[in-house]
Structure formats: C-alpha cells, structure tokens
Amino acid sequence: MGHYWKIKCPVCGAETMSSKEEGLKVECSHFGRFVPEQSLVIYYNDLGEEIPVRLDDVGQACYKFTCPICSENIEACATMGAHQYYVKTNCTHFITLRRGENDKITAIFYDSFNNAYPVEVG
C-alpha cells in the first residue's frame with residue numbers, strides 16, 4: 001500500500017511521481033521542486049523562468065493497494081478537489097473508496113458471499 005502524488009508538467013505533459021517511501025521520480029527538465037505543505041509545484045519554462053503552479057491544477061493524490069481476496073493490484077487517483085478520479089484494476093471485488101474519521105481512506109471489497117472487507121489505504 002502506498003500514497004503518492006502524480007504531477008503533470010504544464011509545459012511538456014511529463015509525469016513526476018512523489019512519495020515519502022520512494023522520493024521524487026522526475027521525468028522532465030521543467031520540474032523545479034514540489035512544495036506539498038504549500039500545495040505548490042515549481043517549474044521552469046523554456047526561458048528558464050521560475051513558474052509556481054498550484055498543486056490543484058497539476059496534481060493527483062494516488063493510492064496503490066491490493067485486494068485482500070484475490071491480491072489484484074489497484075491504483076486509485078483523484079484531483080485535489082476530487083472533481084475527477086479514476087480507479088485502475090481488473091479486480092471484481094473492489095466496490096468503492098470511503099473517507100472516514102481523520103480523513104482516513106478505506107477501500108471496500110465484497111466476496112462472492114457478499115461479505116464486506118474494508119481495508120484502510122491511507
């Protein structure tokens with residue numbers, strides 16, 4: 001399981017990934033730095049000028065986790081305001097993600113006997 005950020009460069013469209021476990025994986029030369037505590041990403045345009053960009057505009061909060069029933073991998077990402085989201089998986093047990101107390105994210109799975117399996121993912 002892991003929480004990470006996918007950040008899309010506004011200049012070239014390349015994706016940068018940031019997580020506490022793996023650090024930064026930068027895929028373009030425009031990326032300057034990620035300042036999550038201020039919800040900012042700093043880029044450099046082709047003229048070398050520093051461009052601060054709101055994380056809401058270029059970032060997605062993502063979670064990777066596995067199904068407790070079939071062990072299938074699942075990736076769920078949402079924009080900061082959750083106006084857009086997607087879930088990538090072939091798992092048929094996964095039903096939904098829920099936000100609970102203290103903003104904890106829980107994935108809900110159901111087996112073939114309709115038993116619920118909640119798994120905290122973030």
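FYI, it's all coordinate maths here, none of it is from the lab. Computed from a predicted structure; not experimentally measured. Note: ideal-geometry Cβ built from the backbone for every residue, glycine included; neighbour counts use all protein chains shown.
Using only the C-alpha atoms, the convex hull of the stretch 2-55 corresponds to 68 Å³ per residue.
The local environment of Cys77, defined by Cβ-Cβ distances under 13 Å, has a net charge of +2 under the rule Lys, Arg +1 and Asp, Glu -1. The simple spin-label model puts a point 7 Å past each Cα toward its Cβ; for Asp56 and Glu15 those points are separated by 2.4 nm.
Distances between every pair of Cα atoms in the chain, grouped in 5 Å steps from 0 to the bin holding the largest one, split as 2, 10, 19, 20, 16, 12, 9, 6, 3, 2, 1, 0, 0 percent.
Computed over Cα pairs, the Kirkwood radius of the stretch 59-119 leads via Stokes-Einstein (1.002 mPa s, 20 °C) to a diffusion coefficient of 176 µm² per second. Applying 1/(1 + (r/R0)^6) with r as the Cβ-Cβ distance of Leu40 and Ile108 and R0 = 35 angstrom yields a FRET efficiency of 0.60.
When only Cα pairs below 8 angstrom with a gap of at least 6 residues are kept, the chain shows a relative contact order of 18 percent.
Normalised by the number of residues in the stretch 2-55, the mean separation of alpha-carbon contacts (under 8 Å, six or more apart) gives a relative contact order of 23 percent.
I'd like the FRET efficiency for Glu49 and Glu27, computed as 1/(1 + (r/R0)^6) with the beta carbon distance as r and R0 of 25 Å, rounded to 0.05. Before the final figure, lay out each step's value.
Working: r = 21 Å, r/R0 = 0.82.
With R0 = 25 Å, the Cβ-Cβ based efficiency is 0.75.
Before rounding to the nearest 500, sum -39500 (n - 2.57) across all DSSP H runs of length at least 4 in the chain and divide by the residue total; then give [θ] at 222 nm in deg cm²/dmol.
-500 deg cm²/dmol
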